[in-house]
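Structure first, commentary second.
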Amino acid sequence: MAIKYRRVLLKCSGEALMGPTPYGIDFETVDRITAEVRSVHALGAQVSLVIGGGNIFRGVAGATRGMQRASADYMGMLATVINALAVQHALESHGVATRVMSAIRMDTVCEPYIRRRAIRHLEKGRVVIFAAGTGNPFFTTDTAAALRAAEMGCDALLKGTQVDGVYSDDPKKNPQATRYETLTYMDVLQRDLKVMDASAVSLARENKIPILVFSLHEPGGFAKVLAGDGRCTIIQDV
Ligand code: UDP
């Protein structure tokens with residue numbers, strides 16, 4: 001299978017790692033998701049990942065309980081490091097070389113994020129997992145994903161979700177909802193379509209990185225989308 005996008009970044013929410021469980025990490029689910037990453041890697045794609053932290057902690061949750069938002073956000077960023085290590089384990093147990101690079105230094109656990117070094121890892125065929133978001137409170141891992149995709153010079157930013165693209169309405173609630181094949185960045189921003197947050201979409205737009213929204217639940221879906229024939233919504237300027 002020939003791939004259309006050679007260097008890519010996949011954003012996967014923390015919640016996707018919960019699988020059927022109400023909280024935390026379901027290792028079977030992590031294994032299933034990382035199987036998708038492995039198959040894309042085997043096709044010769046240079047793959048990087050940003051994993052969210054919502055399955056463990058979100059900054060806003062702490063803030064509503066009276067914590068300072070910035071401190072709560074640091075807790076959220078640390079949650080993404082826990083997820084990154086789980087994903088690293090799942091990939092390496094199948095023989096895929098990986099590096100976790102954190103935006104918050106914790107040198108005994110993983111590497112610090114250094115842009116040129118991350119690019120080198122990708123060139124050497126290692127899967128790079130970017131942890132701790134942007135390293136700054138008041139941001140999200142969506143924005144971290146768009147930022148790292150721009151820094152790595154990625155050909156595409158992939159957003160793995162529960163459904164196979166962006167719909168006019170919630171397809172799980174409204175059977176009349178229709179799926180968009182393509183959208184422009186402006187469509188997403190102006191219609192406030194819930195794909196990625198606005199700063200992530202703006203960053204992708206400025207750097208002309210197409211966003212491909214696809215389902216993480218279809219086996220082989222990630223590879224098909226990279227080959228250009230999978231079910232997804234492509235967000236780009238025409
Ligand atoms: N976070 C942050 N700065 C970042 C990325 C993440 O402060 O650059 C914090 C924020 O509190 C957020 C939490 O980390 O709620 C987990 O990330 P996110 O909510 O984006 O995870 P997801 O919804 O994708 O699981």
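Overview of values
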quantity	calculated
Surface per residue (accessible, 1.4 Å probe) for the range 31-172, Å²	42
Extension gain, Arg6 back to Ala63 (0.36 nm per residue minus Cα-Cα distance, nm)	16.5 nm
Three-way shape label, the chain, alpha-carbon gyration tensor, a/c 1.5	rounded
3J(HN,Hα) from dihedral phi, the range 167-179, Karplus parametrisation 6.51/-1.76/1.60, rounded to Hz, x for glycine, proline	10, 5, 8, 5, x, 7, 10, 10, x, 7, 4, 10, 8
Carbon/sulfur fraction of accessible area - the chain, other protein chains in place, 1.4 Å, %	52
Rel. contact order, % - alpha carbon contacts under 8 angstrom, at least six apart, the range 105-238	25
Of Lys4/Lys208; Lys159/Lys208; Lys11/Lys173; Lys172/Lys224; Lys11/Lys172; Lys11/Lys208, pairs whose Cα-Cα distance is over 20 Å	Lys11/Lys173; Lys172/Lys224; Lys11/Lys172
Linear extension gain, Arg191 paired with Arg231, 0.36 nm per residue minus alpha-carbon span	12.2 nm
Extension gain from Arg116 to Glu206, taking 0.36 nm per residue of separation minus the Cα-Cα distance	30.3 nm
Under the span-like rule (Cα at least 30 Å along the axis, Kyte-Doolittle mean at least 0.5), DSSP H helices of the chain	69-92
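The values are calculated or read from the model by the stated rules, or taken from the named source; none is laboratory data. What you see is a predicted model; the values in this text were computed from it and never measured. These accessible areas exclude ligands, DNA and RNA; they are computed on the full protein's heavy atoms, side chains included. Shrake-Rupley method; radii C 1.70, N 1.55, O 1.52, S 1.80 Å.
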